[in-house]
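The values are calculated or read from the model by the stated rules, or taken from the named source; none is laboratory data. These figures come from a predicted structure and were not determined experimentally. Here Cβ is always computed from backbone atoms with ideal geometry, including for glycine, and neighbour counts include all displayed protein chains. Remember, those area values only see protein heavy atoms, side chains included, never the ligands or the DNA or RNA. Shrake-Rupley method; radii C 1.70, N 1.55, O 1.52, S 1.80 Å.
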Amino acid sequence: DAGVTQSPTHLIKTRGQQVTLRCSPKSGHDTVSWYQQALGQGPQFIFQYYEEEERQRGNFPDRFSGHQFPNYSSELNVNALLLGDSALYLCASSPPMGTNYEQYFGPGTRLTVT
Amino acid sequence: AQSVTQPDIHITVSEGASLELRCNYSYGATPYLFWYVQSPGQGLQLLLKYFSGDTLVQGIKGFEAEFKRSQSSFNLRKPSVHWSDAAEYFCAVEDTGRRALTFGSGTRLQVQP
């Protein structure tokens, strides 16, 4: 089992550009959550996808959007990038409700906006 | 809204010494509680979790944590620290069943030889 995988590992973008980050959940998991971790801070919840729909959202603007595919993998899209979007973006997956619950985190994608 | 406070930004302990990292949460009911560890440039690894039942929970790598409802605390402990324990530690709370974690700002642990 490969666990949660994310791509790319690192990314450098310019202000105003758009970026797409990808996440493959752990085998058997159906829920994917995205978190933003700024330098020196704890992760902040962006949103969560289940059954290909956004089920919950944190306090992030509409520039942040996502998608979940039938195979449960997910994308995070950020439009009109700002310098403040520079952070480590973490994807976490969790198993179906009622099972031994835990969120498994991927290694993250380091986004730098210049 | 729920919140998590980790009062200690940075802690330094000697190898072999005991460790306690503090975590306080604000939540109306009994939340799900977690401790994660993050090594530099890495993702988060779950150390332990509390859902209900026994208030003293055992985790991986010799860590344990105790849930104290009266103090709204969930402190992490280890009796003897190893140099490999140097990392960032995050306490997190989940609004029961919502699967969206709220994290504290973290405690950086440094281990002296």
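List of remarks:
- In the condition set (1) among the polar types (S, T, N, Q); (2) more than 10 Å from chain B (Cβ to nearest Cβ); (3) in contact with a strand residue (DSSP E or B) (Cβ under 6 Å, 6 or more places away or on another chain), A:T14 is compliant with all but (3).
- Long-range neighbours under 8 Å by Cβ, at least six apart or interchain, first residue under 23 Å from A:P95 (Cβ atoms) and away from every other protein chain (no Cβ under 12 Å) within segment A:43-65, second open to solvent by 40 Å² or more (accessible area, probe 1.4 Å) and not in a strand (DSSP E or B): A:E52/A:F69; A:E52/A:P70
- Considering segment A:78-114, and only residues there that are under 16 Å from the mean Cα position of the chain (by Cα) and of a type in the set (S, T, Y), the residue that is surrounded by the fewest Cβ atoms within 10 Å (Cβ to Cβ) turns out to be A:T112.
- Of the strands (runs of 3 or more DSSP E) lying entirely inside segment B:1-105, those containing at least 2 residues that are within 14 Å of the chain's Cα centre (by Cα) and away from chain A (no Cβ under 14 Å) span B:19-21, B:56-58, B:64-68, B:73-78.
- A single entry from A:E51, A:E75 fulfils the requirement of being open to solvent by less than 70 Å² (accessible area, probe 1.4 Å) and among the acidic types (D, E): A:E75.
- Criterion violated by B:G41 - all others in (1) farther than 23 Å from A:R110 by Cβ; (2) without any contact (Cβ under 8 Å) to a residue 40 or more places away in the chain satisfied: (1)
- Just one of the listed residues (A:Y72, A:Y35) is assigned to a loop (DSSP other than H, G, I, E, B) and in contact with a strand residue (DSSP E or B) (Cβ under 7 Å, 6 or more places away or on another chain), and it is A:Y72.
- Scoring B:A29 on the criteria (1) surrounded by 13 or more Cβ atoms within 10 Å (Cβ to Cβ); (2) at pLDDT below 95; (3) over 29 Å from A:T109 (Cα atoms) leaves a single failure, condition (1).
- Residue in segment A:32-41 that is surrounded by fewer than 21 Cβ atoms within 10 Å (Cβ to Cβ), within 28 Å of B:L47 (Cβ to Cβ) and at the interface with chain B (Cβ under 10 Å from one of its Cβ atoms) present: yes
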